[in-house]
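Participant: Okay, here's the structure, questions in a sec.
The values are calculated or read from the model by the stated rules, or taken from the named source; none is laboratory data. Keep in mind that what you see is a predicted model, and the values were worked out from it rather than measured. FYI the Cβ positions are ideal-geometry reconstructions off the backbone, even for glycines, and counts take in every protein chain you see. Just the protein is used for accessible areas: all its heavy atoms, side chains included, with ligands, DNA and RNA removed. Shrake-Rupley method; radii C 1.70, N 1.55, O 1.52, S 1.80 Å.
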Amino acid sequence: MNIISFSPPFIDNDVIKEVNDSLLSGWITTGPKVQQLESAVEELTDLKGVLCVNSATSGLMLALKWFGVGAGDEVIIPAYTYAATALAVYHIGAKPVMVDIKSDFTIDPEKVRETITGRTKAIIPVDIAGWPADYDALYSLIVEPEVKAKFNPTSDEQKKLGRILILSDGAHSFGATYKGKPSGFIADITIFSFHAVKNVTTAEGGCVCLKLPAPFDNNELFRKFKLMSLNGQTKDAFTKSIAGGWKYDIVMPGFKMNMPDICAAIGLAQLRKYKKYLIKERKRVALTYDNVFKSYEWVELPSLQVGNTSTSFHFYPLRIKNITEQQRDRMINEIINYDVSVNVHFIPLPMLSFFKTTGYKINDFPVSYDCYSREISLPVYPLLTSEQLGIVTNAVIKSYNKVINSD
Ligand SMILES: *Cc1c(COP(=O)(O)O)cnc(C)c1O
């Protein structure tokens with residue numbers, strides 16, 4: 001039997017053709033394909049001001065750096081996320097401050113409130129599995145007079161914004177909607193990931209979506225971010241490669257975080273069939289799981305759609321009621337016997353060695369631990385057939401029965 005993999009990249013003939021086109025064009029790094037990918041993301045998110053970078057981690061660092069966040073500053077993040085959310089904060093010299101989540105896996109605005117200090121410069125909500133965080137609650141919170149009064153701006157950008165920055169880690173949420181607005185169009189800045197396992201991919205990559213309020217000019221910010229992602233160099237290599245374009249200047253100590261065209265080509269071909277095909281198929285898969293599992297009282301179904309808010313169907317975060325972490329681990333071992341790949345998103349950061357050494361304890365994050373201990377992420381991708389979905393759901397049900405009956 002073939003193994004049902006967890007999240008294979010979507011590679012069809014159109015993707016291969018687009019990459020081939022890049023290879024044969026004589027230009028493989030940042031150039032026309034990146035520009036087309038940026039336009040395609042802008043179109044899908046209603047935005048003006050999307051910059052492709054070489055990873056979401058880079059995008060997070062770029063945004064924090066631009067906002068002037070550094071040593072002595074604090075950035076509030078959920079304990080329940082991938083390590084990159086925290087590490088991006090470390091890498092620019094600031095302190096990630098973790099808070100617990102709500103039962104929908106997203107950062108708890110009430111816990112955020114208790115954690116804001118005069119050093120807080122940004123909050124990074126994470127849209128786990130593509131389900132948007134509670135942005136309305138976070139935005140109401142940061143403009144409350146007492147919270148605004150605590151804000152202590154130390155850079156021109158911080159003075160201009162006059163409040164805490166909401167920087168969304170949208171690594172999972174490309175294609176999601178929050179109260180009718182597309183992910184990317186909600187937070188001040190949203191970072192998507194196009195890593196190989198994400199729902200749109202460029203092998204490695206990501207993008208920065210700029211939606212800063214006036215008096216910021218997002219077109220101008222785009223140029224600033226681009227400069228910051230390319231050594232602070234006034235011309236990219238493509239522009240320099242055009243005859244007579246050799247002169248350039250370095251106007252700031254920028255990072256090197258640009259996306260190559262050869263990578264952008266993969267994502268570009270995928271985005272052309274995103275709305276009509278890719279997200280529709282993901283939804284089909286997730287709804288199939290819902291339809292099967294809704295008749296099992298031991299299953300806690302994830303939020304997929306509530307009113308005008310919808311996930312991107314990045315993966316299906318199933319939770320089992322009343323089981324322990326050990327029972328969940330045994331269930332996963334059983335599921336693997338059916339040649340079905342599943343995952344757990346995520347091991348809360350306070351359970352990982354590095355974060356333990358910085359003083360975090362999982363006991364302080366009970367909701368994160370509860371979600372983690374009962375979670376099994378099921379595969380969601382366009383090519384999963386009904387037959388394969390039957391194998392996945394059967395594997396979950398049989399494994400549950402086996403584990404529960406053996407106790
Ligand atoms: C994948 C992921 C990232 C990092 O994305 P990269 O593009 O690999 O840097 C960040 N946050 C979350 C929640 C992720 O799942």
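Participant: If you go through region 336-350 one residue at a time, do you hit one that is in contact with a helix residue (DSSP H, G or I) (Cβ under 7 Å, 6 or more places away or on another chain) and farther than 22 Å from Gly170 by Cα?
Facilitator: Checked region 336-350: at least one residue is in contact with a helix residue (DSSP H, G or I) (Cβ under 7 Å, 6 or more places away or on another chain) and farther than 22 Å from Gly170 by Cα.
Participant: Condition (residue is open to solvent by 20 Å² or more (accessible area, probe 1.4 Å), under 14 Å from the mean Cα position of the chain (by Cα) and either within 11 Å of the ligand (Cβ to nearest atom) or not aromatic (Phe, Trp, Tyr) (or both)) applied to region 167-176: is it met by at least one residue?
Facilitator: yes
Participant: Here are some residues: Gly184, Gly130, Gly205. Which one is in contact with a Cys (Cβ under 9 Å, 6 or more places away or on another chain), under 30 Å from Pro9 (Cβ atoms), within 11 Å of the ligand (Cβ to nearest atom) and not basic (Lys, Arg)?
Facilitator: Gly205
Participant: Evaluate the following for Tyr338: is it in a helix (DSSP H, G or I) and among the aromatic types (Phe, Trp, Tyr)?
Facilitator: The answer is no for Tyr338.
Participant: Mind counting the residues in region 243-268 that are surrounded by 22 or more Cβ atoms within 10 Å (Cβ to Cβ) and over 17 Å from Trp27 (Cβ atoms)?
Facilitator: The total comes to 1.
Participant: Can you find a residue in region 373-381 that is more than 29 Å from Phe10 (Cβ to Cβ) and assigned to a helix (DSSP H, G or I)?
Facilitator: The answer is yes, given that some residue of region 373-381 is more than 29 Å from Phe10 (Cβ to Cβ) and assigned to a helix (DSSP H, G or I).
Participant: May I pose another question? Yes or no: Ile101 touching a residue at least 60 places away in the same chain (Cβ under 8 Å) and outside the structural domain of Asn363 (by TED's automatic domain parsing)?
Facilitator: Judged against the criteria, Ile101 is a match.
Participant: I'd like the full set of residues that are under 16 Å from Ser173 (Cα atoms), more than 16 Å from the ligand (Cβ to nearest atom) and not in a helix (DSSP H, G or I), limited to region 39-56.
Facilitator: Asp46, Leu47
Participant: Hey, another quick one. Mind checking which pairs have a first residue in region 208-220 that is touching a residue at least 40 places away in the same chain (Cβ under 8 Å) and a second that is charged (D, E, K, R), Cβ under 7 Å, 6 or more apart or different chains?
Facilitator: Lys211/Asp188; Leu212/Asp188; Pro215/Lys160; Phe216/Lys160; Asn218/Lys48; Asn218/Lys211; Asn219/Lys48
Participant: Of all residues in region 109-125, count the ones that are within 28 Å of Ile279 (Cβ to Cβ) and open to solvent by 10 Å² or more (accessible area, probe 1.4 Å).
Facilitator: Number satisfying all stated conditions: 1.
Participant: Out of region 341-369, which residues are without any contact (Cβ under 8 Å) to a residue 60 or more places away in the chain and within 20 Å of the chain's Cα centre (by Cα)?
Facilitator: Matches in region 341-369: Val344, Ile347.
Participant: Still on this model: So, in region 126-159, exactly how many residues are surrounded by 17 or more Cβ atoms within 10 Å (Cβ to Cβ) and β-branched (Val, Ile, Thr)?
Facilitator: 4
Participant: Does any residue of region 89-101 turn out to be closer than 15 Å to Ser368 by Cα, out of contact with any Phe, Trp or Tyr (no Cβ under 7 Å at 6 or more places or on another chain), more than 16 Å from the ligand (Cβ to nearest atom) and not basic (Lys, Arg)?
Facilitator: Within region 89-101 (the criterion being closer than 15 Å to Ser368 by Cα, out of contact with any Phe, Trp or Tyr (no Cβ under 7 Å at 6 or more places or on another chain), more than 16 Å from the ligand (Cβ to nearest atom) and not basic (Lys, Arg)), the answer is yes, since at least one residue qualifies.
Participant: Looking at Thr115, Thr190, which is the one that is of a type in the set (Val, Ile, Thr) and farther than 24 Å from Ile347 by Cβ?
Facilitator: Selected residue: Thr190, the only one of Thr115, Thr190 that is of a type in the set (Val, Ile, Thr) and farther than 24 Å from Ile347 by Cβ.
Participant: So, in region 1-34, exactly how many residues are open to solvent by 60 Å² or more (accessible area, probe 1.4 Å), among the small types (Gly, Ala, Ser) and assigned to a loop (DSSP other than H, G, I, E, B)?
Facilitator: Counting residues in region 1-34 that are open to solvent by 60 Å² or more (accessible area, probe 1.4 Å), among the small types (Gly, Ala, Ser) and assigned to a loop (DSSP other than H, G, I, E, B) gives 1.
Participant: Check Gly59 against each of (1) over 30 Å from Asn363 (Cα atoms); (2) more than 16 Å from the ligand (Cβ to nearest atom) and name the one condition it does not meet.
Facilitator: Every condition holds for Gly59 apart from (2).
Participant: Considering (1) out of contact with any Ser or Thr (no Cβ under 6 Å at 6 or more places or on another chain); (2) within 14 Å of the ligand (Cβ to nearest atom); (3) open to solvent by 10 Å² or more (accessible area, probe 1.4 Å), say which one Thr106 fails and leave the rest.
Facilitator: (3)
Participant: Scan region 284-299 and tell me whether some residue there is under 30 Å from Arg319 (Cα atoms), surrounded by 13 or more Cβ atoms within 10 Å (Cβ to Cβ) and touching a Lys or Arg at 6+ places or on another chain (Cβ under 9 Å).
Facilitator: yes
Participant: Taking Arg223 and the conditions (1) modelled with pLDDT of 95 or more; (2) more than 14 Å from the ligand (Cβ to nearest atom); (3) crowded, with 18+ Cβ neighbours inside 10 Å, which numbered condition does it fall short on, given that it satisfies the others?
Facilitator: Here Arg223 clears every test but (3).
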